[in-house]
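Engineer: Please read through the structure below; I'll follow up with questions.
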Amino acid sequence: MIEVRGLTKRYGNALAVDDLSFAVEPGKVTGFLGPNGAGKSTTMRLVLGLDRPTSGEALVDGQPFASLRDPLRRVGALLDAGLVHPGRSGRAHLQVAARTAGLPRRRVDEVIDLAGLGGAAGRRVKGYSLGMRQRLGIAAALLGNPSVLIFDEPINGLDLDGVRWLRGLLRQLADEGRTVLLSSHLLAEMQQTADRLVVIGRGRLIADATTDEVLQGMGGPRARLRTPEPDRMLAELTRRGLTARAHGDEIEVEGASAEQVSVVAHEVGVPLHHLSDGTHDLEQAYLELTERHVDHRSGPQPSAPTTPKEER
Amino acid sequence: MTTESVQAVPRLAADDVPVGSVSTRTLAAEWARLWTVRSTWWFLAAAAVATIGLGLVAGSSADPAESQGDAAWAVSAISAMPAQFALLALAVTAVAADYATGGIVLTLQWTPRRGVLFAARTIVVVVTTTVVAVVLGFLSALAGYLAASPTLRLPVGEGVDTLGTVAFVLAASSALAVGLGFLLRSVAAALVTVFLLILVLPLFLLAAGQPWMVDVASFLPGSGTAFLLLGGGPPGMSTEAAFAVLGAWGVGGLAAGWVRLARDDAAR
């Protein structure tokens, strides 16, 4: 469990995190989204006690992280895979961590296997690819068998196998009842991986809801259909005030669910070969959310249906 | 798409948790950090070459007519002068490399209690450089004694005095180096500062010779080092003053480094 309450961090004149509150619950993968510079990494550093908040607090299992006696066994975190001494071997790096937590050497070998580092573990980190550094960082995060995991952009640099492996691992960690917080700019990945989303922009909370809610909350329902009479169907839909566009042999309808579209088709007697509720591209939803938020800060705030927190 | 099976994260058995305090573990981790990078070994090799090499040179060039019966320990103190810089570089690197590589972020994730980290790193580094300096000082004198055989002697009492002084000089200046590493968070900046304070500034001020410059010089750590190791330094320096000045810089350096570590964000 991670709780962030009224967290604010100011660097000089820049407000990196602005009165941010949210909770990350166990048993779920929580995605932490926001454009570059939104304050995701800063928030993670504040949660880990690396930076001191200007105000507010961040608690891990009810305690400030910096007061944990045995942090490696409670929280595994990977903030930036590049931040490792290049002259140490991967194994030596993990052994330093193991000594810090009082863990036996064989635990190091276990996480080396788990992260698929294999033979690279004996080589100096200097020669690692970014993907291997990510795997090393994930190995270190899992070393102490922690109940809370925090990953900042862990997918960066991983190859396709690595991404698939990581996706499965995150799912498994959450299913085991652990708290998993993950930031990523690969939003399509989030759509497949995250159960909940915490979306921030300019250090402020924009949305905190399930992934489905965030997606559905954007621009209302949507449907896709295929028909042998596309022109007539387009005309009928438009006549009913719906926005419909042809994409190849498909028609995309905005503002109506598949159910509503089927009623229209039935009324006008147009056969349908395919009809489905359209899923929102998370990327699109997210851009809409953050752009609205960022562009109209001084103007009236749009009421985001998925935002339980009141805008100030 | 095939679903790749994910290996289970092996659980830790409860009996894997050894009885040991956070401090002991952090000391063990700092010890591992120190010896798992090559630079440590390079600095050590440089210090060994300087001390033992100088011992051999001094011993083999000792004139039996002039030096008959002298203690070989003098060479321990003299060789510690150049060797200390390799060991101070080792100390600075052990502390500040974490900032250069960004590793401090992980270090503080693993040991978020900054007081524990500061104490462990300081103890590991200062004890290492001090013990190494004493061992190398002994080997330096031994090399001189053997090379000059049978001209020089190795009297025990004098050895304890000399090696004790070497130990104090290295402990105090390593503490200063550790403090500067934490304070400046840069290997280069901390190294330059150490060299200025211990070598360049005292020499320059004494050479310039203005009375106020000599006064300033006598409060710099390098004057204490020069007096204790070589019997040099500013005029009017006493043994007590040399110990006090060097000790104060060691303590002061540590205090300044601690304040920066305790107050500031981890990696800014």
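Engineer: Sort B:132, B:259 by Cβ crowding within 10 Å, fewest neighbours at the top.
Structural biologist: Ranked by crowding around the Cβ, least crowded first: B:259, B:132.
Engineer: Using the alpha-carbon atoms, what tilt in degrees (0 to 90, nearest 10) does helix B:38-60 show relative to the longest principal axis of chain B?
Structural biologist: Approximately 10 degrees, to the nearest ten.
Engineer: Mind checking Rg over Rh on the stretch B:174-230, alpha carbons, Kirkwood formula for Rh?
Structural biologist: Taking Rg over the Kirkwood Rh, I get 1.03.
Engineer: So, one more: Quick one: divide the alpha-carbon radius of gyration of chain A by 2.2 N^0.38 Å and tell me what you get.
Structural biologist: Expressed relative to 2.2 N^0.38 Å, the Cα Rg reads 1.18.
Engineer: Also, quick follow-up: So if I take the centroid of the Cα atoms in the stretch B:221-250 and the same for the stretch A:13-60, what is the distance between those two points in Å?
Structural biologist: The stretch B:221-250 and the stretch A:13-60 have Cα centres separated by 50 Å.
Engineer: Still on this structure, I have one more. More than 39 Å apart: what percent of Cα pairs in the protein assembly as shown qualify?
Structural biologist: Of all Cα-Cα pairs in the protein assembly as shown, 45 percent lie more than 39 Å apart.
Engineer: Also, I was wondering about something else. So what's chain B giving for Cα Rg divided by 2.2 N^0.38 Å, two decimals?
Structural biologist: 1.20
Engineer: Sticking with this one: Bin by bin, in steps of 10 Å, what percent of the Cα pairs in the stretch A:1-118 do you find, going until the bin that has the longest distance?
Structural biologist: Pairs per bin, as whole percents: 12, 37, 33, 18, 2.
Engineer: Expressed as an acute angle from 0 to 90° and rounded to the nearest 10, what is the orientation of the C-alpha long axis of helix B:74-101 relative to the principal long axis of chain B?
Structural biologist: 20
Engineer: Next question, about the same structure. Counting only helical runs of four or more DSSP H residues, what would the 222 nm mean residue ellipticity of the protein assembly as shown come to if each run contributes -39,500 (n - 2.57) and the total is spread over all its residues?
Structural biologist: For the protein assembly as shown, the value works out to -17000 deg cm²/dmol.
Engineer: Given that compact globular proteins tend to follow 2.2 N^0.38 Å, what is the ratio of the alpha-carbon Rg of the stretch B:226-268 to that value?
Structural biologist: 1.68
Engineer: Which order, highest average first, do A:190-198, B:201-209 follow once you tally other Cβ atoms within 10 Å for each residue and take the mean per peptide?
Structural biologist: A:190-198, B:201-209
Engineer: Report the residue, chosen from A:229, A:254, A:57, that carries the largest GNM mean-square fluctuation when chain A is represented by alpha-carbon nodes joined by springs under 10 Å.
Structural biologist: In the Gaussian network model the winner is A:229.
Engineer: If I fit a long axis through the Cα atoms of helix B:239-263 and take the longest principal axis of the Cα atoms of chain B, what angle between them do I get, 0 to 90°, rounded to 10?
Structural biologist: Around 20 degrees separate the two axes.
Every number in this text was worked out from the coordinates using simple rules, so none of it is lab data. Note that the coordinates shown come from a computational prediction; the quantities given were computed from them, not determined experimentally. In this analysis, Cβ positions are derived from the backbone assuming ideal geometry, glycine residues included, and neighbour counts consider all displayed protein chains.
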